Amino acid sequence: MIKFIHTGDLHLGLQFRNAGFHKDKAKARRAELWNTFERIVHKAFEDEVDFLFIAGDLFEEEYFTLGDMKRLRDNLDKASNVEIIIVAGNHDPLRENSLYNRVDWPKHVTIFTPGEIGEKEFIDKNVVVYGYSWDDVKDQTNIFAKFPGVDKDRINILILHGDIFNRDSIYLPLDRKLLESIGFDYVGLGHIHKPILFSNKMAYCGSPEPLNFAEVGIRGIIEGIIDKNGTDIRLIPFSRRMFLEKTLTINGTMGYVDIMDRIREIDEESNRKANLYRVILKGVVDRDLDLNLEDMARDLSDYFYHIELIDDTVIDYDLEALEDANKDNIIGYFIREMKNKDLEDKLIRDALYIGLDALMKG
């Protein structure tokens, strides 16, 4: 039996420039990426797993320094009881001048090279690990064109950074059916930041720490066991924080205080203080109420670790006054047509307000 941890897409050194963070919070998130990486390595050491697989984009080439690489190497050095397998991805390509080549690596760390699928045999474990590293930011190589196949009497594991969803991708397109047909006991994938467990034998680990609001929900690492009964994997939540998106529907009777109270009640305090929230305001808002999102977010900052607001509301218009003022134009005609329908129906009422909002903005 062998035990493993599968991770990747840590993006150490990421600047978070497009995440909408203040520079202090971006700095804190960079530190948390490191903390999570160190926790993963420590867990591999403490759990005495046989392998730690890192499936690409371990760091951001543009921002990573030699000092950072030495720190990374020193952390991996601590887990001397674990065979650590690394493949490079499109954000940390293994070029000739890569920082990967600027440090000496411990014997228990294997970094696969570009060009073709490589293999590393672990005779004492009856395991062969296959891997492939990028050497550029794009890669459309058919890496299986000359692949000889695997020895079914051994445990065969493949670690890749690529795109299994788009055969025309510039990010190493992969054929899922082909991967399944070869007979690997496990295929550990990186590049897609959402954890996806296709089966017990193939999975994207996703980012262990979410990087922006496109990565909402649980993020973690994959733990696996391979024995005579087959392969068994599970996703272990591991991130320090989550990005969460919530929708709050308001109505024209709600004032500023009501709306702020509803936002504060959108989740439990322990969650609000730990995670990063995007709250989308929908529905109808009083026409005299000014929703200044910047001021609102500032007033809510004591209640959330991070919050950003999106205004997707429409104005609650005075229909009678608006119709009277626009009798002879398209606005008046639109109001009259909609009033002939059932304005008690929410869908019709919403259509009225959305249509008026578009016409008034013009």
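A few remarks follow.
- The chain: most fluctuating residue of Pro148, Pro114, Pro195 per GNM, C-alpha cutoff 10 Å: Pro148
- Phi angles of region 234-240 translate, via the Karplus equation with coefficients 6.51, -1.76, 1.60 and θ = phi - 60°, into HN-Hα couplings of 8, 8, 10, x, 9, 6, 5 Hz per residue; Gly and Pro are given as x.
- For log10 I(q)/I(0) by the Debye sum over Cα atoms at q = 0.07 Å⁻¹, calculated from these coordinates, the label among (i) -0.29; (ii) -0.43; (iii) -0.34: (ii)
- Highest-first arrangement of 115-123, 30-38, 50-58, where packing means the average Cβ count within 10 Å: 50-58, 30-38, 115-123
- Sum of -39500 (n - 2.57) over DSSP H runs of 4+, divided by residues of the chain (222 nm, nearest 500): -8500 deg cm²/dmol
- Sequence-separation-based contact order of region 132-213, relative, with Cα cut under 8 Å and 6+ spacing, percent: 24
- Distance from the Cα centroid of region 226-293 to that of region 45-69 is 31 Å (rounded to whole angstrom).
- Under 20 Å, Cα to Cα: Lys pairs in region 243-361, sequence gap 8 or more or different chains: 7
- Reachable lysines from Lys107, criterion Cα separation under 28 angstrom, eight or more residues apart if same chain: Lys3, Lys43, Lys70, Lys78, Lys120, Lys125, Lys152, Lys201
- Angle between the chain longest axis and helix 66-78 axis [Cα atoms, degrees, rounded to 10]: 60
- Degrees, to the nearest 10: 330-339 long Cα axis against longest axis of the chain: 90
- In degrees, nearest ten, helix 23-46 long axis to first principal axis of the chain (Cα): 40
- Of Asn229, Asn271, Asn212, the residue with the greatest mean-square motion in the GNM of the chain, using alpha carbon springs below 10 Å, is Asn229.
- In percent, rounded to a whole number, the relative contact order of the chain is 12, using alpha-carbon pairs under 8 Å and six or more apart.
Each reported figure results from applying straightforward, stated rules to the coordinates on display, with no laboratory input. Owing to the predicted nature of the structure, the values given are computational and were not obtained by experimental measurement. Cβ atoms come from the backbone with ideal geometry, glycine included; neighbour counts cover every protein chain shown.
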